[in-house]
1. So which of Gly80, Gly104 ends up being more than 25 Å from the chain's Cα centre (by Cα) and modelled with pLDDT under 95?
2. Say whether the condition of being among the small types (Gly, Ala, Ser), outside any loop (DSSP other than H, G, I, E, B), at pLDDT below 90 and surrounded by fewer than 16 Cβ atoms within 10 Å (Cβ to Cβ) is met by at least one residue in segment 357-379.
3. Pull out all pairs, ordered by first then second residue, where Cβ-Cβ is under 8 Å, the residues are six or more apart or on different chains, the first lies in segment 74-102 and is assigned by TED's automatic domain parsing to the domain that holds Phe170, and the second is among the hydroxyl-bearing types (Ser, Thr, Tyr) and part of a helix (DSSP H, G or I).
4. Report, by residue number, each residue of segment 91-112 that is assigned to a loop (DSSP other than H, G, I, E, B), touching a helix residue (DSSP H, G or I) at 6+ places or on another chain (Cβ under 7 Å) and more than 30 Å from Pro299 (Cα to Cα).
5. Mind counting the residues in segment 1-19 that are part of a strand (DSSP E or B) and either within 12 Å of Leu75 (Cα to Cα) or at pLDDT below 90 (or both)?
6. Restricting the search to segment 121-155, which residues are under 18 Å from the mean Cα position of the chain (by Cα), part of a loop (DSSP other than H, G, I, E, B) and either farther than 18 Å from Glu254 by Cα or free of Cβ contacts under 8 Å to residues at least 60 places away in the same chain (or both)?
7. With the requirement that a residue be crowded, with 24+ Cβ neighbours inside 10 Å and either touching a residue at least 60 places away in the same chain (Cβ under 8 Å) or over 34 Å from the mean Cα position of the chain (by Cα) (or both), what does segment 107-120 give you?
8. Tell me whether segment 276-296 contains one or more residues that are under 21 Å from Ala149 (Cα atoms) and either under 16 Å from the mean Cα position of the chain (by Cα) or at pLDDT 90 or above (or both).
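The values are calculated or read from the model by the stated rules, or taken from the named source; none is laboratory data. These numbers come from a predicted model, not from an experiment. Cβ coordinates were reconstructed from backbone atoms using ideal geometry, including for glycine residues, and neighbour counts include every protein chain displayed.
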Amino acid sequence: MSLSLVQSRALLGLEAASVTVEVHLANGLPSFALVGLADVEVKEARERVRSAIQNAGLDFPNNKRIIVNLAPADLPKDSGRLDLPIALGILAASGQIDSARLAGHEFAGELSLSGQLRPVRGALAMALALHTCGVATKLVLPTESAREAALVHGTEVYGAAHLLDVVRQFLPADATAPIDAPIDGWARMLPAESAAPPRYADLSDVKGHVGAKRALEIAAAGNHSLLMVGPPGSGKSMLAQRFAGLLPAMTVDEALESAAVAGLGGRFAIERWMQRPTSAPHHTSSAVALVGGGSPPRPGEISLAHHGVLFLDEFPEFARSALEALREPLETGTITIARAARRAEFPARFQLIAAMNPCPCGYLGSTLKACRCTPDQVARYQGKLSGPLLDRIDLHIEVPAVSAKELLDSPAGESTDSIRARSAAARDRAVARQGKPNQALQGADIDRHAGLEPAALKFMHTAAAKLGWSARSTHRALKVARTIADLASSPLVEVAHVAEAVQYRRALRGTL
């Protein structure tokens, strides 16, 4: 037959939309036309597919007019993942493989000129889309990508190393395999066995900083964002790099979502399965690098930290536009990238950990070294952080420098395991009470679940009035107080809990 249909998928954000590759062979002047809103990478598939078929010892219909349509026509297609379905469509249309047997399968894979299959981005997103549809469709991918897709339980995934490995499975009943076929690389991929628990750097490495560790414990227990201010070398980066170890173990659904986003950015590795990501972009990163973008859109650092930690060191040194881009995802947990014809939405539920110096030289308020900045320089430096952005950060803490004596003579600090046990117990209390962490409380839920004792309520009124808090600041302080109460196993929020929460939102040295 001269017409064949092969199923594949195209990525638009985290969505993997179904694509039908239609191949028609007709008489006429020899040509190879590819239509259907294909990007440059897809159009280049014509040469890759031609060479791969010929070098695999198969017949390419050079004397035919070949038309390949990628439907739907208004859906953008990118990358080389459509190489394999296009090649199979040509082979089916020319009668070299059984077109009917391709039904019930979806294919994706980039072809080398020799016919080898190369891994593609978004394998996990494609498997999740198949699983969501609930259709008994087999997914055929390059071997490396198939291992990633097999993490989605309930999806039948097959891996292949070469074009001929796939062709063998769909030969007509009366055909024989090509004589020069390589060793069979076709295999069904099974979900990876449970790996060892993820390992994170331990907080016991950080000596001193009892107050900062307490703030990290509160942030982990209530899912709160945190800003650390201190001189260079005080330990802010060490604390932030160990924060992911305080978070609860990932659920399978969280791990799949996080891995799917990482796969879109080409960063997923099977060794980091079930490990919470820590994204730490450089302070020269642009707003697009943080938010995501491009055509078609790809996730930025914010989305790559989904269900993990976004660590922004040298916080004021980021471009103003990049910092302001944090405001929406901190509230909504999603990033929406709009283009003229399409919109892409990426998940972005992360915990923000930011670190900064108190002034340009870094030594404002230090007991070890004098600050050489003028008041104007300090005000200009800290003014790079807008009030609305600071309003959305729950905890502001000071991280002073540790003296040489304390650093050398102090014993190892409290371990990550012991702190995580307390924060996990507090988080469990919050989830059992209201079904979500305290940071996610909104509107009436705050009044319902963050109940204040009368004395605590009066204290909160006084603090909010004297410090000039906005409604958002007041609510965030209230949610932090609720988390502190959960750490103390207290059913009500008491004065001591509110007082500690106020300390984490007060202006640091009268500047922030």
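1. None of the others qualify; the one that does is Gly104.
2. Within segment 357-379, not a single residue is among the small types (Gly, Ala, Ser), outside any loop (DSSP other than H, G, I, E, B), at pLDDT below 90 and surrounded by fewer than 16 Cβ atoms within 10 Å (Cβ to Cβ).
3. Ala92/Ser99; Ala93/Ser99
4. Ile97
5. So the count comes out to 9.
6. Residue satisfying the conditions is Arg121 alone.
7. Phe107, Ala108, Leu111, Gly115
8. We begin by selecting, within segment 276-296, every residue under 21 Å from Ala149 (Cα atoms); these are 276-277.
Okay, now just the ones that are also either under 16 Å from the mean Cα position of the chain (by Cα) or at pLDDT 90 or above (or both), so 276-277.
Yes, the conditions are met somewhere in segment 276-296.
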